Protein chains: 2
Amino acid sequence: MIQVAVNGYGTIGKRVADAVRAQPDMNVLGVAKTRPNFEAQAALDRGYPLYAAVEERADQFDDAGMEIAGPVEALVEAADVVVDATPSGIGAKNKTLYEEYDTPALYQGGEDADVADVSFNARSNYADAVDADHVRVVSCNTTGLSRVIAPLSETYGIEKVRATLVRRGGDPGQTSRGPINDILPNPVTVPSHHGPDVNTIFPDVDVDTLGLKVPATLMHVHSLNVTLETAVDAADVRDLFAGEDRLFLVSDEFDIDGAGKLKEYAHDVGRPRGDLWENCIWEESVSTEGRDLYCFQAIHQESDVVPENVDAIRAVTGAADAEESVETTNDAMGIGL
Amino acid sequence: MIQVAVNGYGTIGKRVADAVRAQPDMNVLGVAKTRPNFEAQAALDRGYPLYAAVEERADQFDDAGMEIAGPVEALVEAADVVVDATPSGIGAKNKTLYEEYDTPALYQGGEDADVADVSFNARSNYADAVDADHVRVVSCNTTGLSRVIAPLSETYGIEKVRATLVRRGGDPGQTSRGPINDILPNPVTVPSHHGPDVNTIFPDVDVDTLGLKVPATLMHVHSLNVTLETAVDAADVRDLFAGEDRLFLVSDEFDIDGAGKLKEYAHDVGRPRGDLWENCIWEESVSTEGRDLYCFQAIHQESDVVPENVDAIRAVTGAADAEESVETTNDAMGIGL
C-alpha cells in the first residue's frame with residue numbers, strides 16, 4: 001500500500017484524501033491542517049489522523065477538542081508521498097520540508113511551474129512524472145484544456161487553440177470574493193496565464209487564452225476553438241470525445257443548460273459532494289466550420305484535478321503505468337458519466 | 001426639421017426620443033406606448049406627445065390620468081419617419097401599418113433581417129440605407145462587432161473573426177430573467193445568431209460567434225479574436241481604434257475593471273441614464289500574436305444602438321451623407337469619451 005500524506009485539507013485536500021482512501025493500493029496516512037475549523041472536525045469524523053501544519057498553533061486544536069496525531073513533519077517523514085494541497089504559494093514554501101525528509105511531493109496548479117520537475121496531466125504526459133520527486137498537478141482549467149487537447153492533437157493535429165475561460169468568481173464557500181453583477185476581463189491582458197500553463201504540458205501547441213470572471217460559483221465554462229490540421233466532421237469529434245473516460249458528453253436529451261443542473265445531476269447519481277471529475281462538454285455545442293472546431297465545456301474547479309492527483313501518486317512512486325493507473329483510479333472513484 | 005415618431009417607449013425608444021430631440025435637424029413628433037406605466041408618465045413629463053399604441057387600451061391611459069394625443073396611426077401618418085422600438089417580433093407585425101401610411105420605418109435588431117430592405121450600421125454601410133423604406137438597425141452586439149470589424153477590415157483585411165459573447169442575463173429592470181449563479185452556453189449550439197447577423201452588414205467576412213449568459217445586468221462583454229491578413233503591432237491597432245469616435249479605449253490608468261466602473265464613469269461625466277454609446281475596449285487587452293488580434297470590449301446593450309438609430313433617420317430621409325450625419329449625431333449627443 002502506498003502511504004499518502006495530504007498536507008492542506010481544504011477544497012482539494014479533502015477530496016484527494018477521500019479519493020486516495022477509495023483506491024485499492026493506497027492508504028491515507030494522515031492529513032495536516034493549520035486551523036481547527038469545520039473541515040478539521042470532518043477529517044477526524046472520517047477517521048483521518050489529523051496533524052498540525054503549524055506547530056505553534058497545535059494548542060488551538062486542543063482548545064477546540066480536536067485530537068492531533070503530531071506535527072506535519074512526522075507525517076511527511078512517514079509517508080511514501082505527500083500531496084500538498086495548501087493555498088497557492090504555500091506549496092512552494094513547503095518544498096524544503098519535503099526535501100528534508102526526501103519524500104516525493106505533488107503540488108497543485110496554483111504554484112508556479114518551476115516549483116516542480118514536471119507539470120502533470122494523466123491523459124497527456126503521465127510518463128514524464130514517473131519517479132520524479134516534485135510534480136505539479138496543473139490547475140482545474142489547464143487540466144480541462146489538456147484533456148481535450150490530447151485526443152485532438154493525437155487524432156487530427158492542432159494548428160492553434162483559442163479559448164475564452166468564463167471563470168466562476170469564487171468557490172461556493174469563498175464568501176468574500178466577487179464580482180457581484182459584473183463581467184470582468186481577468187486578467188485584462190491577453191493571453192491569460194492559462195495558455196502558457198497549457199504549454200507546460202504541451203510545449204509545442206500554439207494556444208492563446210482569455211480569462212473573465214463572472215458572478216457564479218459552481219463551475220467554470222470554456223468557450224473553446226481549436227483549429228485542426230484537417231477539416232473534420234463534428235460527429236467524428238463527438239465520437240472521439242465519447243471514447244475518453246474523463247470527458248462527459250452532455251447529451252441534448254438531458255436538458256442540462258448550465259452548471260446548476262450539472263451539479264444537480266452529480267448529486268442525483270450519488271457523487272460525493274456533487275463532484276464532477278470529468279470535463280462536461282455539451283454535445284450539441286461540438287461544431288466544426290472547416291478546420292475550426294468549437295465547443296463549450298464546464299469545468300468543476302473543486303474536483304477535476306482530484307483523479308489527476310491520484311494518478312500522479314502512482315507515477316511518482318512508480319506503482320503503475322498510465323493506462324493501469326487511470327483505469328484503477330476511474331474504477332475506484334466511479335469516473336465515467 | 002425631420003418629424004420623427006417613436007413607436008415603443010421602452011429601453012430603446014425612450015433613449016432614441018431623447019437623442020432625436022438633441023439633434024439640430026429633428027423633432028420628436030410623438031411617442032407611442034401600449035400601457036400607462038412609469039415610462040409613459042416620464043414621456044409626458046418630458047413633454048413628448050403620447051399616443052396609444054393599442055386603441056382598445058387608450059382608456060387605461062385616461063384611467064391613469066395620462067393624456068393621450070391620439071392613436072398610433074395618426075402619429076405614423078404625420079411623421080417623416082417612424083422608429084419602431086417595440087419588443088422583438090412586434091416590429092414585424094407593425095410593418096403593414098408603416099406601409100399603409102407610406103412612412104419610412106426603422107426596426108430594431110431583435111427583428112429578423114428580412115423585415116427590412118437593409119440592415120444598418122452607420123460606420124459600416126450607411127450608404128446602403130439612403131432612401132430605403134424599411135431599415136433594420138442591428139442589435140447591440142452586432143453593432144459592437146461591426147464598429148470594430150469595419151476599421152480592421154479596411155486597414156488590414158480580415159481572414160476570420162471569432163468572438164465569444166459573454167452576455168448579461170437581462171437589463172437592470174428585467175427582474176424576471178436569469179440566470180442566478182450560473183454560466184449558461186446560450187445558445188448551446190454554435191454559431192450563435194450573432195455571426196450570421198454580422199454578415200447582414202459584412203456579407204464577405206468569415207465570422208463564428210459563441211454566446212453565453214451570466215448573472216449580470218449592466219453590459220455585455222466580448223472576448224474578441226480577429227485573424228488579420230497581415231501581422232500587426234498591437235500599438236498600431238490601438239491607434240486605429242483611438243481614431244474611431246464610437247470606440248472608447250479604456251486606459252489602464254482609469255483602473256476600470258468591469259461594467260460597474262464603466263457605468264459609474266458614465267454617470268460621473270454626466271451621461272443621461274449612465275449610457276455608454278461607445279464600445280468600451282480595454283486598451284491593455286488589445287494584443288496581437290502574429291496575425292491574431294485579441295481584445296475585450298464591453299457593450300452597453302441599452303444604448304449603443306441609439307446613435308445608430310439617429311443616423312439611420314438621416315439615411316432613410318436622405319438628409320445627410322454618412323460623414324455629416326455621424327458628426328452631427330456625435331456632436332449633439334456628446335459622443336466620444
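The values are calculated or read from the model by the stated rules, or taken from the named source; none is laboratory data. Since the model is a prediction, treat every value here as computed from it, not as a measurement. Cβ sites come from the backbone with ideal geometry, for glycine too, and all protein chains shown count toward neighbours. The area values use the complete protein model at the heavy-atom level, side chains included, leaving out ligands, DNA and RNA. Shrake-Rupley method; radii C 1.70, N 1.55, O 1.52, S 1.80 Å.
Under 5 Å from the amide H of residue B:170 lie the amide H atoms of B:216, each residue being 5 or more positions distant or on a separate chain, with H modelled from the backbone and absent for Pro and chain starts. The figure for residue B:57 is an accessible area of roughly 80 square angstrom, using a 1.4 Å probe on the protein chains alone.
Legend: distances between Cα atoms for B:33/B:93; B:14/B:261; B:14/B:213; A:14/A:213; B:33/B:95; pairs beyond 19 Å are B:14/B:261; B:14/B:213; A:14/A:213.
Computed from point charges on the beta carbon alone (+1 for Lys and Arg, -1 for Asp and Glu), the dipole magnitude for region B:140-299 about its Cα centre is near 860 Debye.
Since only B:169, B:316, B:157 are under comparison, the one whose Cα sits farthest along the positive direction of the charge dipole of chain B, derived from C-beta charges on Lys, Arg, Asp and Glu, is B:169.
Here's the picture: a label point sits 7 Å out from the Cα of residue A:133 along the beta-carbon direction, and within region A:1-35 the residues with their amide nitrogen under 20 Å of it are A:3-7.
So the label point goes 7 Å from the Cα of residue A:57 along Cα→C-beta, right? Which residues of region A:88-109 then have their backbone N under 19 Å from it? Residues A:88-98, A:108 qualify, since their backbone N sits under 19 Å from the label point.
Sequentially through region A:148-158, phi angles give Karplus couplings (6.51, -1.76, 1.60; θ = phi - 60°) of 8, 5, 4, x, 5, 5, 5, 8, 10, x, 10 Hz, Gly and Pro residues having no value and appearing as x.
Give me the Debye-computed log₁₀ of I(q)/I(0) at q = 0.21 Å⁻¹ for region A:1-118, equal point scatterers on Cα only, no solvent, two decimals. Each listed q maps to, in turn, -1.17. Taking a Cβ cut-off of under 10 Å around residue A:252, the surrounding Lys, Arg, Asp and Glu residues balance to a net charge of -4, with basic ones at +1 and acidic ones at -1.
A simple charge model with +1 on the Cβ of Lys and Arg, -1 on the Cβ of Asp and Glu and nothing else charged puts the dipole of chain A at about 1060 debye relative to its Cα centre. Springs join every pair of Cα atoms under 10 Å in this Gaussian network model of chain B, and among B:222, B:300, B:193 the largest mean-square fluctuation is at B:193. Summing charges over all other residues whose Cβ lies under 15 Å from the Cβ of residue B:59, with Lys and Arg as +1 and Asp and Glu as -1, gives -2. Rounded to the nearest 20, the size of the Cβ-charge dipole of the protein assembly as shown about its Cα centre is 1580 debye, with Lys and Arg at +1 and Asp and Glu at -1. Per the Debye calculation on the protein assembly as shown with a single equal scatterer at every Cα and no solvent contribution, log₁₀ I(q)/I(0) for q = 0.06, 0.07, 0.11 Å⁻¹ amounts to -0.41, -0.54, -1.05. Each pair of Cα atoms in region A:140-299 enters the Kirkwood radius, and Stokes-Einstein at 25 °C and 0.890 mPa s then converts it into a translational diffusion coefficient of 151 µm²/s. One Cα centroid belongs to region A:270-291, the other to region B:305-328; the line between them spans 46 Å. Comparing A:140, A:40, A:104 along the charge dipole axis of region A:38-148, the residue lying farthest to the positive side is A:140, per the Cβ-charge model. Taking every alpha-carbon pair under 8 Å whose residues sit at least 6 apart, chain A reaches a relative contact order of 17 percent. Between A:247, A:165, A:184, the Gaussian network model of chain A with springs among Cα atoms under 10 angstrom shows the greatest mean-square fluctuation at A:184.
Computed over all pairs of different Cα atoms, the Kirkwood value for the hydrodynamic radius of chain A is 20.4 Å.
Spatially, region A:1-40 and region A:137-202 are offset by 26 Å when compared through their Cα centroids. A Förster radius of 25 Å combined with the Cβ-Cβ distance from residue A:114 to residue A:206 puts the calculated FRET efficiency at roughly 0.65.
Where the alpha-carbon atoms of region B:238-337 are placed on the principal axes, they occupy 43, 35, 19 Å, in descending order.
A Gaussian network model of chain A, with springs between Cα atoms under 10 Å, assigns the largest mean-square fluctuation among A:326, A:269, A:232 to A:269.
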